1. Could you tell me which of Tyr31, Ala58, Gln17 has its Cα farthest along the dipole of the stretch 13-64 towards the positive end, charges placed at Cβ (Lys, Arg +1; Asp, Glu -1), taken about the Cα centre?
2. Please work out which option in (i) 1.16; (ii) 1.05; (iii) 2.34 gives Cα Rg over 2.2 N^0.38 Å calculated from these coordinates, and answer with its label.
3. Helix 12-37 versus the longest principal axis of the chain: what is the Cα-based angle in degrees, 0 to 90, to the nearest 10?
4. Give me the angle, in degrees from 0 to 90, between the Cα long axis of helix 46-78 and the longest principal axis of the Cα atoms of the chain, rounded to the nearest 10.
Amino acid sequence: MAADAPREELLVPVLIQQEQEVLALKEHVLYLEAQARGFQGLPPEKDLARLEVERVQAELEALEARKERMYDGMIGNSR
């Protein structure tokens, strides 16, 4: 084995492939972090978390209904 021979792991094509793999892993980590942020603030207990999600969904539905009533009121006044 010659001392001057390049080691396989230092060849440019290998390094390019490894860089692409690292970039793909970084993208995957960012995706997983974004998903995890969606669970922040929820209780660790599954049933309590489900109740919190249901509460927030009900609040959202109430706000959407209010928005629709306000919109309908604006449209009704402009006729």
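1. Final value for the positive-end residue is Gln17.
2. Read-out from the structure maps to (iii).
3. For helix 12-37, the angle is close to 20 degrees.
4. Roughly 50 degrees between the two axes.
Read-outs throughout are calculated quantities, based only on the coordinates presented, and are distinct from any laboratory measurement. All figures in this text were calculated on a predicted structure; none of them were measured in a lab. Here Cβ is always computed from backbone atoms with ideal geometry, including for glycine, and neighbour counts include all displayed protein chains.
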